[in-house]
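Q: Following this message is one structure expressed as structure tokens.
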Amino acid sequence: MGENEFDAVIIGSGLGGLSIAAALARQGFKPLVLEKHYVPGGYATTFKRPGGFVFDVSLHSTSVGEREGIHNLIPGFPEIKDVEFVPHPNLYRAIFPDYDIRVPQKDLPGYIDMLIGHFPDEKDGIEGLFEDMKGVAAD
């Protein structure tokens with residue numbers, strides 16, 4: 001195969017694109033990854049603002065439960081076998097002028113209680129929203 005010939009062309013160098021490119025290369029294929037941004041990583045990157053503030057583009061955490069998430073991928077990606085995944089109590093934290101909201105990890109009742117604590121007048125709506133979401137998840 002020539003220098004400019006490829007077995008697969010992958011559009012986007014986010015985690016999915018980079019993962020499939022690594023998997024293909026490991027199997028002996030020659031992938032080409034194309035990215036329009038100047039840095040690879042997609043949502044797993046950061047940007048800076050004046051004052052030294054650094055923000056995640058989007059990816060804040062990943063599921064690392066024993067029977068779900070990234071652990072299912074590790075056997076297929078030996079490159080990350082030495083990565084130590086550190087559990088954290090909060091899924092994320094959102095700071096607003098009037099609120100400091102910490103979304104707990106894997107604690108839906110705690111999340112609902114926290115939201116109702118911040119927005120007591122919206123109790124019925126919050127509970128209704130999560131009941132609807134449970135129904136959608138069950139389908």
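Values quoted throughout were computed directly from the atomic coordinates according to the rules given, and no laboratory measurement underlies them. Keep in mind it's a predicted model, so treat the numbers as computed, not measured. Positions of Cβ are generated from backbone atoms using ideal geometry, with glycine treated the same way; all protein chains shown enter the neighbour counts.
Q: State whether segment 88-139 is rounded, prolate or oblate according to the following rule on the C-alpha gyration tensor (a ≥ b ≥ c being the square roots of its eigenvalues): a/c under 1.5 gives rounded; otherwise a/b larger than b/c gives prolate, and the remaining case gives oblate.
A: Details: a/c = 2.46, a/b = 1.29, b/c = 1.90.
Verdict is oblate for segment 88-139.
Q: Amide H of Gly41 versus every other amide H placed in the peptide plane: which residues, excluding those fewer than 5 positions away on the same chain, fall under 5 Å?
A: Ser13, Gly14
Q: Quick one: Karplus J couplings for segment 33-43, per residue in order, coefficients 6.51, -1.76, 1.60, θ = phi - 60°, nearest Hz, x for Gly and Pro?
A: In residue order, the calculated couplings are 9, 10, 9, 7, 7, 7, 9, x, x, x, 6 Hz.
Q: Give, rounded to the nearest 20 debye, the magnitude of the charge dipole that the chain has about its Cα centre when Lys and Arg contribute +1 at Cβ and Asp and Glu contribute -1 at Cβ.
A: In debye, rounded to 20, the chain gives about 560.
Q: Among 37-48, 85-96, what's the highest-first ranking by average C-beta atoms within 10 angstrom per residue?
A: The most tightly packed comes first, giving 37-48, 85-96.
Q: Moving on. Rounded to the nearest 5, what is the percent of antiparallel bridges among the DSSP beta bridges in the chain?
A: Around 65 percent antiparallel, to the nearest 5.
Q: Also, quick follow-up: Glu127 to Arg102: FRET efficiency via 1/(1 + (r/R0)^6), r the Cβ-Cβ distance, R0 25 Å, to the nearest 0.05? Could you put the intermediate results ahead of the total?
A: On the way: r = 20 Å, r/R0 = 0.79.
FRET efficiency, Glu127 to Arg102: 0.80.
Q: If you don't mind, another one. For labels at Val136 and Val9 in the simple 7 Å Cα→Cβ model, what's the distance in nm?
A: My value for the distance between the label points is 3.6 nm.
Q: To test your reading of the geometry: what angle, between 0 and 90 degrees and rounded to tens, separates the Cα axis of helix 123-138 from the longest principal axis of the chain?
A: With both axes taken from Cα atoms, the answer is about 40 degrees.
Q: Identify which of the listed values of Cα Rg over 2.2 N^0.38 Å was calculated from the structure shown: (1) 2.95; (2) 1.42; (3) 1.52.
A: (2)
Q: Next up: Could you give the nm distance between label points at Ile20 and Val83, where each point is 7 Å from its Cα heading toward the beta carbon?
A: So the two model labels end up 1.8 nm from each other.
Q: Could you pull out the GluC sites (Glu not before Pro) across segment 1-38 that fall in loop regions by DSSP (anything but H, G, I, E, B) with no more than 13 other Cβ atoms inside 10 Å?
A: Listed in order of number, the matching sites are Glu3, Glu5.
Q: For the chain, calculate the relative contact order in percent as a whole number, restricting contacts to Cα pairs under 8 Å that are 6 or more residues apart.
A: 12 percent
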